[in-house]
Amino acid sequence: MTTERIEVLAPAGNPAALKAAVFAGADAVYLGGSLFSARASAVNFSNEALREAVTFARERGVRVYVTVNTLIKDAELSEALEFCAFLCSLPVDGILVQDAGLFALLREACPEMPVHASTQMSLHTPAGAALLKELGASRVVLAREMSLEEIRAVSVQTDVELEAFVHGALCMSLSGQCYFSAMLGGRSGNRGQCAQPCRLPYQLVERDSGRVIEAPGEYLLSPMDLNTLDQVEALIRSGATS
């Protein structure tokens, strides 16, 4: 595999970030609309702003992928499909999806639109990636916790595009599959509302005695953020295409 095939993809949580990514040389950006985005706390884009973003990026040869990657309630399916229909009309270059029901419906409703399996699907095995390819995914965004060897195994055993994270937050639970925030305050990570309680300081306390146990640091549930910028070549060799 050559580096010419590698797509540099950047997040764009607002119009200013979009412009920064495009002018910095990104091949593609991913961003969210005002609905169904796993980054609900970001500024995100209204429908009109999405239209402008796609025009801006296309004029500069940059692809735009849109996240519709929260879990969808039954009562929301019609609205989610309506939003996806709008995205298909622009058109964007791909839609990232977590919800399996929406994924299946979208493949029927807009079969020509590339659909990417979101990292929230927690895909981390060759069998999982192959299944999503069979179901119609054009790309699998791998779980962030995977090793180079695990990525390589998926690449060797499947022919679907693989996207891998290079930088950013790591979750205490496999790629966002955590109910901590939902249990504490009703803000579900799978609904784009995670309050990141794992980022807070905690003490380790012995259950029976109440004695505080010495621990290495205060942030007992928070992993260090991902930063593999010095391993990009190895990541490319492992089979990541974005």
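The values are calculated or read from the model by the stated rules, or taken from the named source; none is laboratory data. This structure is a prediction, so every number in the text was calculated from the model and none was measured. With ideal geometry, Cβ positions are generated from the backbone for all residues, glycine too; neighbour counts draw on all protein chains shown. When the accessible area is computed, the model is the full protein with side chains, heavy atoms only, and any ligands, DNA or RNA have been set aside. Shrake-Rupley method; radii C 1.70, N 1.55, O 1.52, S 1.80 Å.
Defining a contact as two alpha carbons under 8 Å apart and six or more residues distant in sequence, what relative contact order in percent does the chain show?
Details: 428 pairs, mean separation 40.8, N = 242.
Relative contact order of the chain: 17 percent.
Once the 1.4 Å probe is applied to the protein heavy atoms, the stretch 1-141 comes out at 46 Å² accessible per residue. Distance from the alpha carbon centroid of the stretch 204-221 to that of the stretch 44-71 works out to 45 angstrom.
Among the trypsin sites (Lys or Arg not before Pro) in the stretch 172-242, which ones are in a DSSP loop with at most 16 other Cβ atoms within 10 Å of the Cβ? Mind listing them? Please report the intermediate quantities before stating the final value.
Working: sites: Arg187, Arg191, Arg199, Arg207, Arg211, Arg237; in loops: Arg187, Arg207, Arg211.
The qualifying sites are Arg207, Arg211.
Note on the chain: helix-only mean residue ellipticity at 222 nm, from DSSP H runs of 4+ residues weighted -39500 (n - 2.57) and normalised by residue number, equals -9500 deg cm²/dmol. Residues whose amide H comes within less than 5 Å of that of Leu96, counting only those at least five positions distant or on another chain, are Val66, Thr67, Val68, His116 (H built at 1.01 Å from N in the peptide plane). Ignoring any ligand, DNA or RNA, what whole percent of the accessible area of the stretch 138-242 comes from carbon and sulfur when the probe is 1.4 angstrom? Accessible surface attributable to carbon and sulfur in the stretch 138-242 totals 54 percent. Once the C-beta distance of Arg199 and Ser89 is scaled by a Förster radius of 45 Å, the resulting FRET efficiency is 0.70 to the nearest 0.05. Remark: the chain projects, on average over all directions, an area of 15.0 nm² (convex hull of Cα atoms).
With 0.36 nm allotted per residue and the present C-alpha distance subtracted, the Ala16-Met224 stretch has 72.2 nm of extension available. The portion of the accessible surface of the stretch 1-130 made up by carbon and sulfur, rounded to a whole percent, is 55 (1.4 Å probe; DNA, RNA and ligands excluded). 3J(HN,Hα) couplings calculated from phi for the stretch 196-204 with the Karplus curve 6.51 cos²θ - 1.76 cosθ + 1.60 (θ = phi - 60°) are, in sequence order, 6, x, 5, 7, 7, x, 9, 10, 9 Hz; Gly and Pro show x. Summarising the label geometry, the points placed 7 Å from Cα in the beta-carbon direction at Ala109 and His167 lie 3.5 nm from one another.
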